[in-house]
1. Scan (1) over 24 Å from ALA38 (Cα atoms); (2) outside any loop (DSSP other than H, G, I, E, B) for the single condition PRO88 breaks and write down its number.
2. May I ask you to list pairs of residues, at least six apart or on different chains, whose Cβ atoms are under 8 Å apart, with the first in region 69-95 being closer than 19 Å to MET49 by Cα and at pLDDT below 90 and the second being among the charged types (D, E, K, R) and surrounded by 11 or more Cβ atoms within 10 Å (Cβ to Cβ)?
3. Is one or more of the residues making up region 3-15 part of a loop (DSSP other than H, G, I, E, B), of a type in the set (D, E, K, R) and either farther than 23 Å from ARG85 by Cβ or at pLDDT below 65 (or both)?
Amino acid sequence: MILNRLGAGVPRGVAGLGYVRAPTPPTCVAYVFYAKTAEAWRIDAYIMMMVAAAKAGWNEGFERLEGTLLGYQEWQNDVHIERLRASPHAKNFYWVRRPQSGAENAGTETGP
């Protein structure tokens, strides 16, 4: 992982940070982040989220955190998650599946 602060070409009042993940052949993923100087903390938080998600696996919590760090409101994250769940591709993403409620699990418990 390489972290570079960007200086050239970054407008005044904007914090820029280049982030490159270690290359995994045959690809290398590069990220470049920009934020208003007062909101530069979002860049560090986003990178921390990416590192944690790489270790723990992506899930709905990370999806919501990503939306929040990008400036979306809670209701917008809710709409986004519901659209993901309704997508024909939802079955390809294990974390998109809706957790089963107690009513859906009725009669499936094991043990005494």
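1. Just one mismatch for PRO88, condition (2).
2. Here the result reads TRP95/GLU60; TRP95/GLU63, each pair linking region 69-95 to a residue that is among the charged types (D, E, K, R) and surrounded by 11 or more Cβ atoms within 10 Å (Cβ to Cβ).
3. Of all residues in region 3-15, those part of a loop (DSSP other than H, G, I, E, B) come to 6-13.
Next, only the ones that are of a type in the set (D, E, K, R) stay: 12.
Add one more test, that the residue is either farther than 23 Å from ARG85 by Cβ or at pLDDT below 65 (or both), and what stays is 12.
Within region 3-15 (the criterion being part of a loop (DSSP other than H, G, I, E, B), of a type in the set (D, E, K, R) and either farther than 23 Å from ARG85 by Cβ or at pLDDT below 65 (or both)), the answer is yes, since at least one residue qualifies.
The values are calculated or read from the model by the stated rules, or taken from the named source; none is laboratory data. All figures in this text were calculated on a predicted structure; none of them were measured in a lab. For neighbour counting, all protein chains shown are included, and Cβ atoms are generated from backbone atoms with ideal geometry for every residue, glycine included.
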